[in-house]
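Below is one structure, written out as structure tokens, with a few remarks after it.
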Amino acid sequence: MSKHLSKTAQRTKKRKERRLIERAAKKASSTAVRISSALQLSMQIVDGNNVVVHEADGTKKVLKKIVPVKSNVYLDKGVKICLRPKD
């Protein structure tokens with residue numbers, strides 16, 4: 001039996017990992033919303049191209065608009081980017 005996984009098995013494994021990460025993120029965000037609401041804290045949320053503050057009393061206020069920036073560099077899907085500080 002080969003130690004390497006077939007391409008189908010690799011895709012399946014990546015898909016499962018992605019689902020696990022999505023579930024963890026959803027659970028973390030719902031917990032944060034629940035706790036913030038219970039403690040009557042305001043929350044900052046990105047909604048479309050706006051940063052919105054949801055106050056504890058239910059009011060919403062747009063803090064700022066986010067301008068999408070088009071990159072001049074084309075990257076293929078799945079390319080890893082290494083960010084290192086310049087010396």
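The values are calculated or read from the model by the stated rules, or taken from the named source; none is laboratory data. On a predicted model such as this, the values are computed, not experimentally measured, just so you know. Just so you know, the surface numbers come from the protein's heavy atoms only, side chains and all, with ligands and any DNA or RNA stripped out. Shrake-Rupley method; radii C 1.70, N 1.55, O 1.52, S 1.80 Å.
Quick notes on this one:
- Restricting the stretch 26-55 to residues that are over 15 Å from the mean Cα position of the chain (by Cα) and of a type in the set (A, V, I, L, M) leaves a set whose member that is nearest to residue 68 (Cα to Cα) is 52.
- The criterion of at least 1 residues that are open to solvent by 70 Å² or more (accessible area, probe 1.4 Å) and not hydrophobic (A, V, I, L, M, F, W, C) is met, among strands (runs of 3 or more DSSP E) falling completely within the chain, by 43-47, 60-65.
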